[in-house]
Amino acid sequence: MSREFAFPGTRPRYAPDRVVDIQHIALVLDVDPAKRTVAGSATLRGMVIAPSTKHIELDAVELAIDKVLVGGKPAEFRHDGKKLRVVLPAPLATGSELAIAIDYKGAPRRGLYFVAPDEGYPDKPLQAWTQGQDEDSRYWFPCFDSPNEKATSEVTVTVPGNLFALSNGVLVSDKTTGGKRTLHWKLDVPHSNYLITLAVGDFATIETKWREVPVTYYVQRGKEAAAERTLQRTPQMLELFSQRFGVPYPYPGYSQVFVADFIFGGMENTSATSLTDTILIDERAAIDYDIDSLVSHELAHQWFGDLVTCRDWGEGWLNEGFATYAEYIWREHHEGRDAADLELEEWADDYFGEDAGRYRRTIATKIYDEPIDIFDRHLYEKGGRVLHMLRDVLGDDAFYKTLAHYLTKHRHGVVESRDLARAVEDATGKVVDWFFSQWVIDGAGHPELDVRYWWDADHKVARIDIEQTQKIEGRTPVFRLPAKMRFRVGDKDLDLPIEIVETKHVFHLKLDAEPVQAIFDPGHVLLAARKIDKDEPMWTAELSGATLGIDRAAAAAALAKRGGPAAEKALTTALEKDKYWGVRGAAALALGSLRTPSARDKLVKQLKHEVDPRARRSIAKALGEFVQDVTAGTALASVVTKGDASYFVEAEACLALGKTRTPRAGELLRNAATRESFTDVIRQYAYRGLAEARDDSALGLLADGTRWGRPTQGRRAAVGALAVLMRGRRDREARDVRERIELLLSDRDFRVQAAAIEALAVIGDPAAIRALRKTVDRELDGRLRRRGKEVIRDLEEGAPLAEEVKRLRDEVGELRTIASTLRERLELFEATTLPKQRAKRTKKQPGKRSGSR
């Protein structure tokens, strides 16, 4: 079973008391990005809830409080650096109006971030931007910093005259006096404190609209074309979500601003989303890449998270699960179900990895140290998959009817999981308490299913045996799983419902004739690990003709596990002829796992002929399976040397070339590591390729790649590559690399710090524990603290050693595969070449007979 999520001693966290209903927040601020300071006032207006209220306690971390007024008069206050306690002049009764004005200043280390050029990055813009989620607004203004407190807001901010400032809602005024510019923003829709935003910089403005709602993009000057390219489908998303969710976009405008050094991909501040500028897509990247998943995710939050908000962070999946599932809704609409299903499979893989490798937990939980701890694969990816299953249980019409009811009923309010369950019941009459119990509230983990199919010709009955094999312990239950079997009888699909409620089931399904396909759970709706046992001809038929691409891809993977000439032939046909690039890519990966010379040759051929770069990328990846194979290495070297129209194909070829460990890999990858690309992807994969090639001579190059001033994505990849090269080693060279990585635990780039923690986990040296403990004690970012504690625990318990044993076993497996391939080639040589050579020798000596001298 996976580890427990919570560390020993972790206590439950609940939503705080609401002594006062804050109804409006007004900030009047002076922000100086160059000095990295903020100063001004915060005025909170509201109504008393608790009877005989004598004091109010606000969150205010590392702010200097100069003065507090209550009702316009000075008030007594105490501030300990985290909490601001305001003593009221007299006790206030329930329903009394209250106004608190606080003058303060600060140089925030969280919440409000400052970006400026420096010695390593002289071209960085001068900017300031906020990130309030989860509880960091308290670092830049005093507030009730909990999602269950919602108020209207206005921000009046003064900045240097050459800069602009964006906040929530509508721009009421914009005045420049002398060298200062003051902008006044106002939002008349209540929202949580963590969603109040500020972004300051020299931005170009791009204006469009959806219906009559202004849609605006802000980006560093000179990058306007990339911003339009990246966000071009925003109006279509607004239209789709307004229709699907049953509630039109609820704010007076929608803005998206690109900022430098952002610590997330994006943040759904109400009406004004912040996005990292690293996602700005250039023309070459746009060939086979988009950022629609992130754009749709943040936009969907305007409904799920902003309009309707989780009551406390333990219910955060109601924000993030819905926003994640909105990515599927958009992809399904824009590209079709096959493309959307690919994303579902990626979510499952991400969640399964976290569940197996880190911990298992319920999606909704109160047991966590800090809210950021639960912003993980369970919250996002598993949450999205759970909503996909709910949609399948209800049907499309009932699902979207439920969403409209849920959003309308709880508009401007806060919710828990049971509110969504009640919304289902209100809208459809269906009671789904069992569903929310096993998937969200009480249950953890997922089903592991063994499915076996065979045909009873005498009775014309399909028999399906299904067993839940997951270990039933802790919070992992026996799952109730409504599902389907899809049979292809003749030329039509027949879907028959089944329901799994016990550990073992045998289903007998009467059919008119023997099916050529029998697909359990078509479309992989269930979030389940699965082993499917059926005859090879049926897998072959499903690969060539299943209706859904995801089912054809599953057939490719199953045939790869079986191997053999028939499987290879079917996979080759799919590689060359399937209509969907995702299935062609899956066939390529399956052929790569066969590791036969004939499979390799088919991949090499198709690498030249495949027109879709997304499938071509999979072909390049598959060729990386052929270790010490000169033919595969040569094909990949050609791509690395000559390039590809796609950044991503070229990058994948770099990694795959390193995996082949062929003679020129190191030289070519060093050259590739000098190339600039979108998100530095080619350099990233070149560094990773050097590590896979076991090229210790690349240590200097990789160490240099970690330097401040190098592109951040490449820096992180260099750190990871160094760790792979040093995995399990304890010599002086390994010690030097470990110590270099430990220095990066204090890097100015949060993502490099995170990469350093992961690298120390890979190296597996307990000597790193001391440095990791200092990081856990020092860092403000909860993500670094949480992951640091996990790695410390693993190092203390020897988990990296077990991982090293597994790696060595994998290497032995690779060597066995190479030996098998060499044996196959030798047998082929003996069967074909040697007889011809003997025949030639016989022809050259016509007079020689047996027994003669």
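The values are calculated or read from the model by the stated rules, or taken from the named source; none is laboratory data. Keep in mind that what you see is a predicted model, and the values were worked out from it rather than measured. Please note: Cβ atoms are built from the backbone with ideal geometry, for glycine as well, and neighbour counts cover all protein chains shown. Calculation scope for accessible area: heavy atoms of the full protein, side chains included, ligands and nucleic acids excluded. Shrake-Rupley method; radii C 1.70, N 1.55, O 1.52, S 1.80 Å.
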What does the charge count near Ala513 come to, summing +1 for each Lys or Arg and -1 for each Asp or Glu among other residues with Cβ under 13 Å from its Cβ?
0
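What is the range 119-206's relative contact order, in percent, from Cα pairs under 8 angstrom and six or more apart in sequence? Show your work: numbers first, answer last.
Numbers: 176 pairs, mean separation 33.8, N = 88.
Value for the range 119-206: 38 percent.
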Pull up the cross-link candidates among the lysines for Lys531, meaning alpha carbon to alpha carbon under 26 Å and not fewer than 8 places away within one chain.
Lys382, Lys460, Lys471, Lys484, Lys492, Lys504, Lys510, Lys561, Lys569, Lys621, Lys806
Which of the lysines could be linked to Lys67 by a straight reach, that is with a Cα gap under 24 Å, when you skip same-chain ones fewer than 8 residues away?
Lys35, Lys54, Lys82, Lys83, Lys105
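Using a 1.4 angstrom probe on heavy atoms only, work out the carbon and sulfur share of the accessible area of the chain in %. All intermediate terms of the calculation are to be shown ahead of the outcome.
Numbers: 18080 of 36000 Å².
About 50 percent, which is the carbon plus sulfur part of the accessible surface.
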Tally Lys and Arg at +1 and Asp and Glu at -1 over the other residues with C-beta under 14 Å from the C-beta of Gly474: what net charge comes out?
+1
With Cα atoms, 0 to 90° folded angle of helix 581-594 axis to the chain main axis:
50
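Where a ≥ b ≥ c are the square roots of the eigenvalues of the C-alpha gyration tensor, would you call the range 242-367 rounded, which needs a/c under 1.5, or, failing that, prolate if a/b is larger than b/c, or oblate?
Note, shape of the range 242-367 comes out rounded.
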Projected onto the charge dipole of the chain (+1 at Lys/Arg Cβ, -1 at Asp/Glu Cβ, origin at the Cα centre), which of Thr156, Gly179, Cys143 gives the Cα projection farthest towards the positive end?
Gly179
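List the GluC sites (Glu not before Pro) within the range 458-558 that DSSP assigns to loop and that have no more than 12 neighbouring Cβ atoms inside 10 Å. Mind showing how you got there, number by number?
Numbers: sites: Glu467, Glu473, Glu499, Glu502, Glu542; in loops: Glu473, Glu502.
Of the GluC sites (Glu not before Pro), the ones in loops of the range 458-558 whose Cβ has at most 12 other Cβ atoms within 10 Å are Glu473, Glu502.
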Roughly speaking, what is the centre-to-centre gap between the range 625-642 and the range 232-305 when only Cα atoms are used, to the nearest Å?
39
Applying a 10 Å radius around every beta-carbon, put 186-196, 421-431, 674-684 in order of their mean neighbour count, most first.
186-196, 674-684, 421-431
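Can you give the local net charge around Arg411? Use residues other than it whose beta-carbon is closer than 13 angstrom to its beta-carbon, Lys and Arg +1, Asp and Glu -1. Provide the component values of the computation, followed by the final result.
Details: positive: Lys150, Lys409; negative: Asp306, Asp419.
Its environment carries a net charge of 0.
Counting other C-beta atoms within 10 Å, and keeping those with at most 11, which DSSP coil trypsin sites (Lys or Arg not before Pro) do you find in the range 1-89? All intermediate terms of the calculation are to be shown ahead of the outcome.
Working: sites: Arg3, Arg13, Arg18, Lys35, Arg36, Arg45, Lys54, Lys67, Arg78, Lys82, Lys83, Arg85; in loops: Arg3, Arg13, Arg18, Lys35, Arg36, Lys82.
Those satisfying the criteria are Lys35, Lys82.
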Can you classify the chain as rounded, prolate or oblate using the Cα gyration tensor, where a ≥ b ≥ c are the square roots of its eigenvalues, rounded means a/c under 1.5, and otherwise it's prolate if a/b beats b/c and oblate if not?
prolate
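Determine the relative contact order of the chain: mean sequence separation of Cα pairs under 8 Å and six or more apart, normalised by residue count, in whole percent.
Working: 1700 pairs, mean separation 56.4, N = 853.
In percent, rounded to a whole number, it is 7.
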Of Tyr249, Gln220, Pro235, which is farthest along the charge dipole of the range 217-259 in the positive direction, counting Lys and Arg as +1 and Asp and Glu as -1 at C-beta?
Gln220
Distance between the range 468-516 and the range 75-125 - C-alpha centres, whole angstrom:
57
Karplus couplings for the range 49-54 from phi (6.51 cos²θ - 1.76 cosθ + 1.60, θ = phi - 60°), rounded to Hz, Gly and Pro as x?
9, 6, x, 6, 6, 9
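Heavy-atom accessible area per residue, the range 464-582, 1.4 Å probe: how many Å²? Let's see the in-between values first.
On the way: 5560 Å² over 119 residues.
Per-residue value: 47 Å².
Using only alpha carbon positions, build the gyration tensor of the range 73-154, then give the equivalent ellipsoid semi-axes as the square roots of 5 times its eigenvalues, largest first, whole angstrom. Present the calculation step by step, with values, prior to reporting the outcome.
Working: eigenvalues 231, 44, 24 Å².
Listed largest to smallest, the semi-axes of the range 73-154 are 34, 15, 11 Å.
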